[in-house]
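Trainee: The structure follows.
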Amino acid sequence: EQFRDGVLEDDDEVAVLHGPEELGYPPLTEAMVNMRVTFDEAARSGVLMPDVAAQLTAIAKSLFYKERTYDAVLQRAAASRIPAAPPRDLAAWLPAGRIDQKRRDAGYTVAETAAWLVSERRSNHSHENVKGSPRRC
């Protein structure tokens, strides 16, 4: 929806670096959309102050997508003027709190497509029955 509405436009919002085929192409970096919603959720949950979440989002966005990991963001935060406690709190929260928005969006898209296909099949089937029905006079 954010791409549709023009809120997000950059390809790097969803781009990730993947590992090799023999390992099943695991993601080695994090999509920016995932980091955005994760930092926002950390702020909503009280793990981060909203201004720190915004600073971490800006740090993440400044990284090339092939370098964008939570560790890289936290290292940059440590080297910046952000106090040490919020990134440390975030690091402790991330294993259970991180959000995979790309996966959520993909699941939503698959479910919506499946529902649409079912409705199209029903629609086409009901039209066939109407067209194929004998006329009564």
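Trainee: Hey, fewest Cβ within 10 Å first, where do Lys102, Lys66 land in order?
Mentor: Lys66, Lys102
Trainee: In nm, to one decimal, how far is the modelled label at Ser45 from the one at Ser119, with both set 7 Å along Cα→Cβ?
Mentor: 3.4
Trainee: Tally Lys/Arg at +1 and Asp/Glu at -1 over every other residue whose Cβ is under 14 Å from the Cβ of Glu67; what's the total?
Mentor: +1
Trainee: Can you sort Phe39, Phe64 by how many other beta carbons sit within 10 Å, fewest first?
Mentor: Ordered from fewest to most neighbouring Cβ atoms within 10 Å, Phe39, Phe64 come out as Phe64, Phe39.
Trainee: Which order do Thr69, Thr38, Thr113 fall in if you start with the one that has the fewest other Cβ atoms within 10 Å? Spell out each step's value before the answer.
Mentor: Working: Thr69 18, Thr38 24, Thr113 10.
Placing the least packed residue first, the sequence is Thr113, Thr69, Thr38.
Trainee: Continuing with the same structure: Label Leu28 and Ser62 with points 7 Å out from Cα along Cα→Cβ: what is the distance between them in nm?
Mentor: Between Leu28 and Ser62, the simple spin-label model gives 2.4 nm.
Where a number appears in this text, it was derived from the coordinates with a stated rule and is not lab data. These numbers come from a predicted model, not from an experiment. Heads up, the Cβs are rebuilt from the backbone with ideal geometry, glycines too, and the neighbour counts pull from every protein chain shown.
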